[in-house]
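First the structure, in the form of structure tokens, and then the observations on it.
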Amino acid sequence: MADNNTNNEKMSIKEFLDNDEKKDLLRFLTAGSVDDGKSTLIGRLLFDSKKLYEDQLDALERDSKRVGNAGEHIDYALLLDGLKAEREQGITIDVAYRYFSTNKRKFIIADTPGHEQYTRNMITGGSTANLAIILVDARTGVITQTRRHTYLVSLLGIKHVVLAVNKMDLVDYSKERFDEIVADYMKFVAPLNIPDIQCFPLSALEGDNVVEKSERTPWYKGPALLDFLENVHVGNDHNFKDFRFPVQYVLRPNLDFRGFCGKVASGVVHKGDEVMALPSGKRSKVKSIVTYDGDLDYAFPPQSVTITLEDEIDVSRGEMLVHPDNLPTISRTFEAMLVWMDEEEMDVNKQFFIKQTTNTTRARIDGIKYRVDVNTMEQTNVANLKLNEIGKVVITTSQPLFFDPYKDNKSCGSFIIIDPITNNTSAVGMIIDKVNTSDLFTPITEDDKKKMLVGESLVSPEQWQERIGQKGSVYWITGSDKKHRRELVYTLERRLYDIGQFVCKLSTDSLGLERMSSRDVAIVAHHLSKNGVAVICCGSELDPKVCRPEFSSLHIKTEGDDARDYTSNETVIEPTCIAQAVEDIINKL
Amino acid sequence: MSEDYNLSHLKQLEAESIHIIREVAAEFENPVMLYSIGKDSSVMVRLAEKAFAPGKVPFPLMHIDSKWKFKEMIQFRDEYAKKYGWNLIVESNMKAFKEGVGPFTHGSKVHTDLMKTQALLQALDKYKFDAAFGGARRDEEKSRAKERIFSFRDRFHQWDPKNQRPELWDIYNAKIQKGESIRVFPLSNWTELDIWQYIRLENIPIVPLYFAKERPVVEIDGNLIMPDDDRLPEQYRDKIVMKKIRFRTLGCWPLTGAIESEADTIEKIVEEMMTTTKSERTTRVIDFDQEASMEQKKREGYF
């Protein structure tokens, strides 16, 4: 801060600009309501820092029209007029972005309203923030709203939290009151694992400890708020460990150049590094890291670069380059914290689009493990989520995603859910981790318990049919001509597979260690078919009589065979017509 | 050798903008970059060149010519597009032009609606663009502070500020139905100072009108207007004086007020900006011609 205060040192505009262009950026969120003095605080940061700025440029100012007094003539709330007007008109209060800078840093404020019905706005504003300022009124201390804001901030993985205990002037700048509020807050915040929490005794109205340290709080040893905001180290908030490069765009300006454009989501990549493309698993080496301003030796987040590889391997948008010794999780099923953002409540039967990094695929919300009460953090079992509600869910996607848990890697652990009909962004989520299919969520109802007693599956054949898009079926293939029977079995299996069916061949001859009886085969086939599978039953021992009426029976006609009718479903096939018979079956599906 | 993983704010903004531009090129079938020839457009165009280097930018540049632009702007536009190999589309509302629509005869509201908004909408429909980049910044104007980076427009190109899609992290929702479109603002998080800094740092060419010079001006309704052709109404012609002026924003010449200034370098412009209290759009006539006018224009499809 020393260089700030030496008024005598006059900075030329060139020096100022040279200095300015090296500044870094801090994005922060302010949460609180107007009653907490939020607009006054933001106003002060915006205005008083501007004044600082101009002080710096004193030497440059040709006229001295600048207001010299430190009087309280500015109505800071005016700066936040946009939001105020909206509230009066009862229209959606949104996130407003504000910009200011000091001679140390540039700042982007995401200014979000505090009430519970604006949870989605706060989540939106907080998604890109490095730091959150949570306001409390010194008179009321930590209240429900404070807890809600803090929970949301921890959910978003914001690593730096400022507890701004405002209106200290109204509690006579009492150290005891401040300590009490801080102790209260610290007790509540401990389980949320926020790495950096700083508490400030402020009076935004009087300007205490906002831009300059106040003489009215001699007991407070920390920095002024702005000083802290200017110096807090956020450079390490990016993950520099796990290299992830989601390919955004493939650049092929000519036959000699094939570059993969993207933003380094996390980690660091060097020229010469061995990389692996996901999902293909193909490996190559980084030939160059190209930018308009010349090649780089290495790239790190959040740089946007173009990577070329030594070998011609095929990588498209949505795929990912990584280091082969450090892979993300590759899975179709994962747990996530989901924030519902749509006026229309969640429909668990709907297939959504999911967009994660540069990858878009279909997704289904398998179930809600619980909903979190954003005020008390209590967990409740619910059937769906409504606007502004947050829950832990299990999601399955149609293509595997390459991800890391959000807490380790925001860029590869965040996603949005898009409604396929309205195209609205219905929900946003933060991935916790993959789940084993065996751990999948299953709510057990009273009805289910009855089914469980008799050993009946809780997933109905109809549900399976909907899930995999095929109705289970069993083909019971008999006939004593082994050669032709085999031909029928294998042709049918191949053709069913070709048209996209899940197919399984069960034989009395070859399954497992022990031979199965015809009865066993019928039981297994029946079960598989209830799960939507097309089962082909065969084998020399397969008994036509065991065939169940719901199965399709295919009998290969052999020399001297009489057409028998064991089931009403039986089709008798001439050995010369096998291919045609199979096509007939396929056509009828 | 220890490596430095810090990016200056300008490099962070640049990286963010490039990411946005590439996302559009990847997700849309027929994007276009709207080019106003102003300083923000100049930065946006350079960012697009950066996004696809060493390749060519995979979408065209489109200028909506209101037929009242400064001649220096048009000259600059054509030279720039030629030099950097851009596919340049120029569109105007020729019907309104032939009917003689202009700011002096019809007022700024009608002129802007017909020659800018309607001209833009006609052009977007003509080429069936599904995404259009604009150089607007959130710090410019109140209603823009809330606008998304990917801003959804319905079939009639209208913006509904009450019904915007949530936009989180750097994940942009590009899904639209046929006929709908997205306006994309890659410079959303840039401030005016950032723009000037970047122009200075990257040596980006800009129209010379931004720099102070002795120019003929006439005062009309409190604005210093530089008559750029012979369409200046009779009553002002003998009131023209020479002043050292420059423009903070560029648009139609009768609607863009100049400021008296000595700033003939970027350094001096920044210096002037830092010590001035007026925001840059105060020299824009159109912002004040009706209550909440920018929000209204944006709803109707203007940028």
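Throughout, read-outs are computed from the coordinates displayed, never taken from laboratory work. Please read these numbers as outputs of a predicted model, since none were measured by experiment. Please note: Cβ atoms are built from the backbone with ideal geometry, for glycine as well, and neighbour counts cover all protein chains shown.
Using modelled amide H (1.01 Å from N, peptide plane; none on Pro or chain starts), what sits under 5 Å from the amide H of A:Ala96, excluding residues fewer than 5 places away?
HN-HN under 5 Å from A:Ala96: A:Asp111.
Using the Cα centre of segment A:378-429 as the reference point, and only Cβ charges (+1 on K/R, -1 on D/E), how large is the resulting charge dipole? Debye, rounded to the nearest 20. Walk me through the intermediate numbers first.
Details: 4 positive and 5 negative charges, 4 e Å.
Taking the Cα centre of segment A:378-429 as origin, the dipole is about 20 debye.
What percent do you get for the relative contact order of chain A when only Cα pairs under 8 Å and 6+ apart count? Don't skip to the end; give the middle numbers.
Working: 1164 pairs, mean separation 49.2, N = 589.
Computed over chain A, the figure is 8 percent.
Placing +1 on the Cβ of each Lys and Arg and -1 on the Cβ of each Asp and Glu in the protein assembly as shown, which of A:Asn381, A:Asn531, B:Leu13 has its Cα farthest towards the positive end of the resulting dipole?
Of the listed residues, the answer is A:Asn531.
Might you report the magnitude of the Cβ-based charge dipole of chain A about its Cα centre, with Lys and Arg at +1 and Asp and Glu at -1, to the nearest 20 debye? Before the final figure, lay out each step's value.
Numbers: 73 positive and 90 negative charges, 157 e Å.
It works out to roughly 760 debye.
Rounded, prolate or oblate: which one fits chain B, using the alpha carbon gyration tensor with axes a ≥ b ≥ c (rounded when a/c is under 1.5, else prolate when a/b beats b/c, else oblate)? Display every interim value, and only then the final one.
On the way: a/c = 1.67, a/b = 1.23, b/c = 1.36.
Since a/c reaches 1.5 but b/c is at least a/b, the shape of chain B is classed as oblate.
Kindly write out, for segment A:262-267 in residue order, the coupling ³J(HN,Hα) from the Karplus curve 6.51 cos²θ - 1.76 cosθ + 1.60 (θ = phi - 60°), rounded to whole Hz, with x marking Gly and Pro.
Couplings: x, 9, 5, 6, 6, x Hz.
Which residues' amide hydrogens lie under 5 Å from the amide hydrogen of B:Arg215, considering only partners 5 or more residues apart or on another chain, with H built in the peptide plane?
Placed amide hydrogens put B:Lys243, B:Lys244, B:Ile245 under 5 Å from B:Arg215.
When Lys and Arg each count +1 and Asp and Glu each count -1, what net charge do the other residues less than 9 Å away from A:Asn239, Cβ to Cβ, add up to? Walk me through the numbers before you get to the answer.
Numbers: positive: A:Lys241, A:Arg244, A:Lys410; negative: A:Asp237, A:Asp242, A:Asp404, A:Asp408.
Result for the local shell: -1.
Checking the a/c ratio against 1.5 first, then a/b against b/c, what shape does the Cα gyration tensor give for segment B:79-118? Spell out each step's value before the answer.
Values: a/c = 3.18, a/b = 2.73, b/c = 1.16.
Cα axes put segment B:79-118 in the prolate bin.
For a label point 7 Å from the Cα of A:Thr558 along Cα→C-beta, name the residues of segment A:533-547 whose backbone N is under 13 Å from it.
A:539-544
Can you sort A:Cys577, A:Cys412 from fewest to most other Cβ atoms within 10 Å of each residue's own Cβ? Mind dumping the intermediate values first?
Numbers: A:Cys577 12, A:Cys412 27.
Least crowded to most crowded, the residues run A:Cys577, A:Cys412.
Can you give the relative contact order of segment B:181-249 as a percent, counting alpha carbon pairs under 8 Å and 6+ residues apart?
On the way: 52 pairs, mean separation 23.8, N = 69.
It comes to 35 percent, rounded to a whole number.
At 25 °C and a viscosity of 0.890 mPa s, what translational diffusion coefficient does Stokes-Einstein give for segment A:184-280, taking Rh as the Kirkwood radius over Cα pairs? Give it in µm²/s as a whole number.
Details: Rh = 18.4 Å.
Using the Kirkwood radius from Cα pairs, D works out to 133 µm²/s.
Going out from 0 in 10 Å bins, what whole percent of all Cα-Cα distances in segment A:455-502 drops into each bin?
Bin by bin from 0 Å, the calculated values are 22, 37, 27, 14, 0.
Put +1 on the Cβ of each Lys and Arg and -1 on the Cβ of each Asp and Glu in chain B; which of B:Ile37, B:Leu121, B:Trp159 then has its Cα farthest toward the positive end of the dipole?
B:Leu121
For every helix of n ≥ 4 consecutive DSSP H residues, a contribution of -39,500 (n - 2.57) applies; sum these over chain A, divide by its total residues, and give [θ] at 222 nm rounded to the nearest 500 deg cm²/dmol. Write down the numbers at each step before the final one.
On the way: 14 runs with 143 residues, N = 589.
Roughly -7000 deg cm²/dmol at 222 nm, from the helical runs in chain A.
Just the number, please: percent antiparallel of the DSSP beta bridges in segment A:459-558, rounded to the nearest 5.
Working: 0 of 13 bridges.
Expressed as a percentage, antiparallel bridges in segment A:459-558 total about 0.
Just report the Cα centroid separation between segment A:327-369 and segment A:171-240, whole Å.
Between the Cα centre of segment A:327-369 and that of segment A:171-240, the gap is 37 Å.
Taking H placed 1.01 Å from N in the peptide plane, check which residues at least 5 places from B:Leu250 or on another chain put their amide H under 5 Å from its amide H.
For B:Leu250, the qualifying residues are B:Lys39.
Given contacts defined as C-alpha pairs under 8 Å and at least six residues apart, what's the relative contact order of segment A:332-419, whole-number percent? Working shown, then result.
On the way: 189 pairs, mean separation 34.4, N = 88.
The value is 39 percent.
Quantify how much of the Cα-Cα distance distribution of the protein assembly as shown extends past 50 Å, in percent.
Working: 123484 of 397386 pairs.
I get 31 percent for the Cα pairs in the protein assembly as shown exceeding 50 Å.
Within a 10 angstrom radius of the beta carbon, how do A:Leu506, A:Leu589, A:Leu255 rank from fewest other beta carbons to most? List each step's numbers first, then the result.
On the way: A:Leu506 22, A:Leu589 12, A:Leu255 6.
The most exposed by this proxy come first: A:Leu255, A:Leu589, A:Leu506.
Would you work out if segment B:81-162 is rounded, prolate or oblate? Take a ≥ b ≥ c from the square roots of the eigenvalues of the alpha-carbon gyration tensor; rounded if a/c is under 1.5, else prolate when a/b is larger than b/c, oblate otherwise.
Numbers: a/c = 1.61, a/b = 1.19, b/c = 1.36.
Taking the square roots of the gyration eigenvalues as a ≥ b ≥ c, segment B:81-162 is oblate.
With +1 assigned to the C-beta of every Lys and Arg and -1 to the C-beta of every Asp and Glu, and no other charges, what is the dipole magnitude of segment A:346-420 about the Cα centre in debye, to the nearest 20?
Taking the Cα centre of segment A:346-420 as origin, the dipole is about 140 debye.
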